[in-house]
Amino acid sequence: MLGPVILAASRSDRMRRLISAAPVTKQVVDRFIPGEDVDDIVPVVRDLAGNGLELTMDVVGEDITSPAQAAAARDAYLELVDRLKPLELGTRAEMSVKLSMFGQALEDGHELALKNVRPVVEAAAEIGTTVTLDAEDHTTLDSMFAIHEELRKDFPQTGCVIQAYLFRTEADARRLAESGSRVRLVKGAYKEPASVAYQDKHEIDRAYVRILRTLMDGKGYPMIGSHDPRLIAIGQELAHQARRELDEYEFQMLYGIRTDEHLRLAAEGHRMRVYTAYGTDWYGYFMRRLAEKPANLRFFARSMLTK
Ligand code: FDA
């Protein structure tokens, strides 16, 4: 019940100001977002890679309000790519981007987001890696898929995310599987109406399995984005049934969540990619993590009261 309330708060400016200013917030935020700038994050990348993990890097931010902020987001990613270059990790460290941060919701936002994201994809390709387009709320997805298709003409490895809770996703998955794309499948983290998305957890899980089967049976590269032990086991079984080798799909989890499981899967020989977010505009990302697990909110509230 708490999840939808927290997701609604994630879009509120008043809550943003209140929570961002709370004295203990940073301590709790650090669990999920291990750094404010690129200097903080490079050692984290080194550590994770040293433990046999792969990474997808997110400079946090969304809902920007000016083209200058969109250009700043692009530049932050370009700086990140620059700093990753000497580490020579290739595809072991890729980028995840939210098109809203690149200007998608502004005037002529579709063109602006494409214009800003392209140099990041080019820079990533120059250091031997790639970019995945995150999925945001359902109103943004036609534009995201069109940008994905456009980028794939020159950079076929560009990936995208699909969300099992949306009714549209089974059809999107068939199209992407047929076109041989890299696709991360997640349950979905936004507050969506019943007209477009399943609301029941079990229905979402069942859709996840159907969609994952489509991806595994297709020509693309499935990326299983989930911490759910049942779905991880089913993912392994579906990969086996589709006769995929260990390097023909991967698991992905968020930094700070089920860390032991990251290491266990990597030790078993799986590709395990950790979604690692950093930056100062962490509010939306952090609130979605609270909404996914009410126990996080209790921990947050308790640390505020005991301060
Ligand atoms: P579920 O929520 O059922 O969690 C399973 C178990 O994992 C829980 O019981 C708990 O133990 C643990 N867990 C999950 N979330 C936790 C949390 N926040 N804190 C502590 N423990 C937690 N969404 C989206 O809409 N667009 C996107 O682009 C992405 N991108 C993305 C990338 C990657 C790599 C991942 C793993 C997830 C996303 N998501 C996302 C988020 C996704 O939609 C979903 O909200 C979360 O992954 C939680 O769903 P699970 O599949 O983990 O299952």
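PHE299 meets all of the listed conditions (1) closer than 28 Å to THR214 by Cβ; (2) more than 16 Å from the chain's Cα centre (by Cα) but one, namely (1). Hey, among the residues in the stretch 124-140 that are crowded, with 23+ Cβ neighbours inside 10 Å and hydrophobic (A, V, I, L, M, F, W, C), which one's nearest to the ligand (Cβ to nearest atom)? The extreme case among them is ALA135. So, GLN199, is that one within 21 Å of ALA291 (Cα to Cα) and more than 13 Å from the ligand (Cβ to nearest atom) or not? Against the criterion (within 21 Å of ALA291 (Cα to Cα) and more than 13 Å from the ligand (Cβ to nearest atom)), GLN199 qualifies. Residues that are more than 10 Å from the ligand (Cβ to nearest atom) and touching a residue at least 12 places away in the same chain (Cβ under 8 Å) were ranked within the stretch 298-307; the one that is farthest from ALA8 (Cα to Cα) is LYS307. When LEU176, LEU185 are checked against the criterion of being part of a helix (DSSP H, G or I), buried (at least 22 other Cβ atoms within 10 Å of the Cβ) and touching a Leu at 6+ places or on another chain (Cβ under 8 Å), LEU176 stands alone in meeting it.
For (1) in contact (Cβ under 8 Å) with a residue 24 or more places away in the chain; (2) over 23 Å from VAL274 (Cα atoms); (3) part of a helix (DSSP H, G or I); (4) among the polar types (S, T, N, Q), each residue gets a yes or a no:
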residue: VAL28; (1), (2), (3), (4): yes, no, yes, no
residue: ILE33; (1), (2), (3), (4): yes, no, no, no
residue: GLU36; (1), (2), (3), (4): yes, no, no, no
residue: GLY52; (1), (2), (3), (4): yes, no, no, no
residue: ILE64; (1), (2), (3), (4): yes, yes, no, no
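With respect to the stated conditions, ASP13 fails to be loosely packed, with under 14 Cβ neighbours inside 10 Å and either in contact (Cβ under 8 Å) with a residue 40 or more places away in the chain or at positive phi (or both).
Only residues that are within 10 Å of the ligand (Cβ to nearest atom), surrounded by fewer than 19 Cβ atoms within 10 Å (Cβ to Cβ) and either assigned to a helix (DSSP H, G or I) or among the hydroxyl-bearing types (Ser, Thr, Tyr) (or both) were counted in the stretch 240-282, giving 1. Does LEU114 meet the test of being out of contact with any Gly (no Cβ under 6 Å at 6 or more places or on another chain), of a type in the set (A, V, I, L, M) and within 15 Å of the ligand (Cβ to nearest atom)? Judged against the criteria, LEU114 is not a match.
Here ARG289, ARG230 are screened, and the one residue that is buried (at least 21 other Cβ atoms within 10 Å of the Cβ) and within 12 Å of the ligand (Cβ to nearest atom) is ARG289. Any chance the stretch 207-221 includes a residue that's modelled with pLDDT of 95 or more, away from the ligand (no atom under 14 Å from the Cβ), within 13 Å of ILE162 (Cβ to Cβ) and touching a Pro at 6+ places or on another chain (Cβ under 8 Å)? Among the residues of the stretch 207-221, at least one is modelled with pLDDT of 95 or more, away from the ligand (no atom under 14 Å from the Cβ), within 13 Å of ILE162 (Cβ to Cβ) and touching a Pro at 6+ places or on another chain (Cβ under 8 Å), which makes the answer yes.
The values are calculated or read from the model by the stated rules, or taken from the named source; none is laboratory data. These figures come from a predicted structure and were not determined experimentally. Quick reminder, even Gly has a Cβ in these numbers, built from the backbone with ideal geometry, and neighbours come from all protein chains shown.
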